[in-house]
Amino acid sequence: GAGVSQTPSNKVTEKGKYVELRCDPISGHTALYWYRQSLGQGPEFLIYFQGTGAADDSGLPNDRFFAVRPEGSVSTLKIQRTERGDSAVYLCASSLNGGTPQHFGDGTRLSIL
Amino acid sequence: QKEVEQNSGPLSVPEGAIASLNCTYSDRGSQSFFWYRQYSGKSPELIMSIYSNGDKEDGRFTAQLNKASQYVSLLIRDSQPSDSATYLCAVIGGSNTGKLIFGQGTTLQVKP
């Protein structure tokens with residue numbers, strides 16, 4: 001695709017449920033990033049993949065959050081036992097390699113009831 | 001102290017004026033600096049990147065970087081109502097893992 005694609009665009013679920021958010025980066029981009037943005041704030045870094053491996057997962061808030069990128073392309077962010085505080089827009093970005101400009105997808109708006 | 005700081009605004013300018021947006025950062029080892037524009041309800045859109053001291057111009061946009069003062073700015077000339085958005089300053093820190101550290105954004109309002 002031409003840009004970063006994220007699905008679903010919206011997700012509403014109940015507290016305690018498990019959710020998966022998907023990101024399909026720009027073709028050829030080896031670096032992939034997940035961020036989380038709350039209202040009125042800038043995006044907050046969660047995790048960075050270079051190829052298949054997580055090069056930096058220092059932003060994951062706790063062990064309920066996990067992300068994979070098994071083939072070095074599509075990535076899935078997984079959240080277990082969701083809490084109301086997890087409600088935010090989850091943004092995915094990709095770049096040619098680490099350090100080059102990042103391009104964002106449209107995000108997934110996650111609402112935990 | 002936040003790692004990247006911006007005045008949240010709103011900054012209000014009349015149409016046709018120059019809008020000046022400012023950002024300071026704390027990590028002296030930072031090497032890469034970016035400005036993103038974010039319309040309400042949309043995702044951030046990259047508008048400028050700058051890596052060395054001085055000015056970088058692209059159309060109506062000029063980014064300015066002063067590493068000694070740990071300061072980066074964005075000038076928008078001939079501001080248009082369509083420029084009304086939140087402008088996010090983002091920095092890749094000295095550890096250079098590639099992760100962006102964002103400021104909270106400055107809301108710009110351009111009034112016709």
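The values are calculated or read from the model by the stated rules, or taken from the named source; none is laboratory data. The structure presented is a predicted model; accordingly, all values stated were derived computationally and were not measured. Glycine gets a Cβ as well: all are built from the backbone with ideal geometry, and neighbour counts include every protein chain shown.
Provide a single number: the residues in region A:59-79 that are surrounded by fewer than 16 Cβ atoms within 10 Å (Cβ to Cβ), within 13 Å of A:Tyr18 (Cα to Cα) and among the hydrophobic types (A, V, I, L, M, F, W, C). Residues that pass the stated criteria total 1. Taken as a whole, the structure leaves B:Val4 outside the set of residues that are away from chain A (no Cβ under 13 Å), in contact with a Cys (Cβ under 7 Å, 6 or more places away or on another chain) and modelled with pLDDT of 95 or more.
Within the option set A:Leu39, A:Leu77, A:Leu32, A:Leu46, being more than 12 Å from chain B (Cβ to nearest Cβ) and under 26 Å from B:Ser40 (Cα atoms) holds for one residue only, A:Leu77. Going by what's in this entry, would B:Asp78 be described as farther than 27 Å from A:Tyr33 by Cα, more than 12 Å from chain A (Cβ to nearest Cβ) and assigned to a strand (DSSP E or B)? The answer is no for B:Asp78.
Per-residue answers, yes or no, for (1) under 22 Å from A:Pro43 (Cα atoms); (2) of a type in the set (S, T, N, Q); (3) surrounded by fewer than 19 Cβ atoms within 10 Å (Cβ to Cβ):
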{"position": "B:Ser43", "(1), (2), (3)": "yes, yes, no"}
{"position": "B:Gly59", "(1), (2), (3)": "no, no, yes"}
{"position": "B:Gln70", "(1), (2), (3)": "yes, yes, yes"}
{"position": "B:Leu74", "(1), (2), (3)": "yes, no, no"}
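Evaluating B:Gly41 against the criteria (1) within 19 Å of A:Pro101 (Cβ to Cβ); (2) without any contact (Cβ under 8 Å) to a residue 24 or more places away in the chain; (3) out of contact with any Gly (no Cβ under 7 Å at 6 or more places or on another chain) leaves one unmet condition, (1).
If you take the residues in region B:94-108 that are out of contact with any helix residue (DSSP H, G or I) (no Cβ under 9 Å at 6 or more places or on another chain) and more than 10 Å from chain A (Cβ to nearest Cβ), which one is surrounded by the fewest Cβ atoms within 10 Å (Cβ to Cβ)? Only one residue fits best here, namely B:Gly94.
Residues checked against (1) assigned to a strand (DSSP E or B); (2) under 30 Å from B:Thr107 (Cβ atoms):
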| residue | (1), (2) |
| --- | --- |
| A:Val12 | yes, yes |
| A:Cys23 | yes, yes |
| A:Gly42 | no, yes |
| A:Asp63 | no, no |
| A:Phe66 | yes, no |
| A:Ser73 | no, no |
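Is it the case that region B:7-20 has a residue that's part of a strand (DSSP E or B), under 10 Å from the mean Cα position of the chain (by Cα) and either of a type in the set (A, V, I, L, M) or at pLDDT 95 or above (or both)? Yes, region B:7-20 contains at least one residue that is part of a strand (DSSP E or B), under 10 Å from the mean Cα position of the chain (by Cα) and either of a type in the set (A, V, I, L, M) or at pLDDT 95 or above (or both).
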